[in-house]
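Chemist: Quick one: the structure is below, questions incoming.
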Amino acid sequence: MKSLILTTGARLLIGLFLVFSLYVLLRGHNAPGGGFIGGLIAACGFAIHAFASGVAEARRALRVDPRTIGVLGLVCALISGLMAWPLGAAPFAGLWAEVAGYALSSVLLFDIGVYLAVVGGILTLIFALEETL
């Protein structure tokens, strides 16, 4: 039995959770936050949606299998770690470049990888547990 209040609230909250998770992800480069807590916040948004509307609807809203998201995150983290190797620097050494006036770094790519890995891992776990109940 679905709750109308929970379903309506979840639709509104998921967008708020995702925007706030991206803010925490990007803020974490220079202040507290980062990929791990941002990924947890994003996963909580989809978990609330799954509890309100069911796992099938949450999977439809996500559009990509959570395991794929997790693997993509691991690949991003690995690439960011190996970027310094061809330049003779230590693995996971921070590299910075300026692109169109914005400072980008391998640290940001690593944070994005952690974000995606956490979202994928947590949602895989939550969806599996919800489907068995």
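The values are calculated or read from the model by the stated rules, or taken from the named source; none is laboratory data. All values derive from a computational prediction rather than experimental measurement. For neighbour counting, all protein chains shown are included, and Cβ atoms are generated from backbone atoms with ideal geometry for every residue, glycine included. Remember, those area values only see protein heavy atoms, side chains included, never the ligands or the DNA or RNA. Shrake-Rupley method; radii C 1.70, N 1.55, O 1.52, S 1.80 Å.
Chemist: Is it the case that the stretch 53-63 has a residue that's out of contact with any helix residue (DSSP H, G or I) (no Cβ under 8 Å at 6 or more places or on another chain), open to solvent by 50 Å² or more (accessible area, probe 1.4 Å) and not basic (Lys, Arg)?
Modeler: yes
Conditions (1) of a type outside the set (S, T, N, Q); (2) at pLDDT 90 or above; (3) farther than 19 Å from Gly28 by Cβ, marked per residue:
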{"site": "Leu62", "(1), (2), (3)": "yes, yes, yes"}
{"site": "Thr68", "(1), (2), (3)": "no, yes, yes"}
{"site": "Leu108", "(1), (2), (3)": "yes, no, no"}
{"site": "Gly113", "(1), (2), (3)": "yes, yes, no"}
{"site": "Leu116", "(1), (2), (3)": "yes, yes, no"}
{"site": "Ile122", "(1), (2), (3)": "yes, yes, no"}
{"site": "Phe127", "(1), (2), (3)": "yes, yes, yes"}
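Chemist: Right, something else. Just to be sure I understand, how many residues within the stretch 16-46 are in contact with a helix residue (DSSP H, G or I) (Cβ under 8 Å, 6 or more places away or on another chain) and within 22 Å of Glu57 (Cβ to Cβ)?
Modeler: Number satisfying all stated conditions: 13.
Chemist: Got a sec? Which of Gly39, Gly101, Gly33, Gly94 is open to solvent by less than 70 Å² (accessible area, probe 1.4 Å), modelled with pLDDT under 90, of a type outside the set (S, T, N, Q) and under 13 Å from the mean Cα position of the chain (by Cα)? Before you say what the answer is, go through the steps one by one.
Modeler: Working: Gly39 fails: modelled with pLDDT under 90; Gly101 fails: under 13 Å from the mean Cα position of the chain (by Cα); Gly94 fails: under 13 Å from the mean Cα position of the chain (by Cα).
Being open to solvent by less than 70 Å² (accessible area, probe 1.4 Å), modelled with pLDDT under 90, of a type outside the set (S, T, N, Q) and under 13 Å from the mean Cα position of the chain (by Cα) holds for just one of Gly39, Gly101, Gly33, Gly94, which is Gly33.
Chemist: Tally time: how many residues in the stretch 30-53 are farther than 19 Å from Ser106 by Cβ and touching a residue at least 12 places away in the same chain (Cβ under 8 Å)?
Modeler: 15
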